[in-house]
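Student: Next up is a structure, given as structure tokens.
Just so it is clear, none of the values below were taken in a lab; they were calculated from the coordinates. Since the structure is predicted, the reported quantities are computational estimates derived from the model, not experimental observations. No Cβ is skipped: glycine too gets one built from the backbone with ideal geometry, and neighbour counts run over all protein chains shown.
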Amino acid sequence: MKERATVICRRDDEILYVRKPKARWNLPGGKVEAGESPAQAAVRELREETGLILEDLSYVTRCESETVLHHVFEVSVTLIASPSPKNEIADCKWFTAKALSDVKVNPSVKSIIKAFLSDAIA
């Protein structure tokens, strides 16, 4: 099973999504490399994909599908921090939770966000 570090970046009522060329929107994150903790992978992937250097991530949960184990982290982003697409990422964009249904997002990401939002409200 693949292990992936996934980061929910919040700014007020918005969540940051990234997109590779001609792909669905996704949360920043990626593969946990050998010798790397999920938290280290989350920090690295966030920096590599968005240019954001944030190390105060909070572990939220783990979400498992048939092929991927997501280690989900959350971080608040100030208005000063400005993500920009890096490496294989074509675009970064902030969306509100209400806009989630109107956005082409990977199905696993929708599940993670919905679970996160219901946990955050509880």
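Student: Within the range 30-45, is even one residue touching a Ser or Thr at 6+ places or on another chain (Cβ under 8 Å) and under 22 Å from Ser111 (Cα atoms)?
Tutor: Yes, that holds for at least one residue.
Student: What residue, among those in the range 5-34 that are out of contact with any Lys or Arg (no Cβ under 8 Å at 6 or more places or on another chain) and among the basic types (Lys, Arg), is surrounded by the fewest Cβ atoms within 10 Å (Cβ to Cβ)?
Tutor: Here the residue is Lys22.
Student: Which members of the range 61-97 meet the condition of being more than 15 Å from Arg47 (Cα to Cα) and among the hydrophobic types (A, V, I, L, M, F, W, C)?
Tutor: Result: Cys63, Val68, Leu69, Val72, Leu79, Ile80, Trp94, Phe95, Ala97.
Student: Condition first: exposed (fewer than 15 other Cβ atoms within 10 Å of the Cβ) and not aliphatic (A, V, I, L, M). Now tell me which residues in the range 87-105 satisfy that.
Tutor: Of everything in the range 87-105, those that are exposed (fewer than 15 other Cβ atoms within 10 Å of the Cβ) and not aliphatic (A, V, I, L, M) turn out to be Asn87, Glu88, Asp91, Thr96, Lys98, Ser101, Asp102, Lys104.
Student: Something else: Looking at (1) within 17 Å of Phe116 (Cα to Cα); (2) surrounded by fewer than 20 Cβ atoms within 10 Å (Cβ to Cβ), find the lone condition where Ser37 falls short.
Tutor: (1)
Student: Just one of the numbered conditions (1) over 14 Å from Ile8 (Cβ atoms); (2) of a type outside the set (Val, Ile, Thr); (3) in contact with a helix residue (DSSP H, G or I) (Cβ under 6 Å, 6 or more places away or on another chain); (4) surrounded by 13 or more Cβ atoms within 10 Å (Cβ to Cβ) is not true of Gly51; which one?
Tutor: (3)
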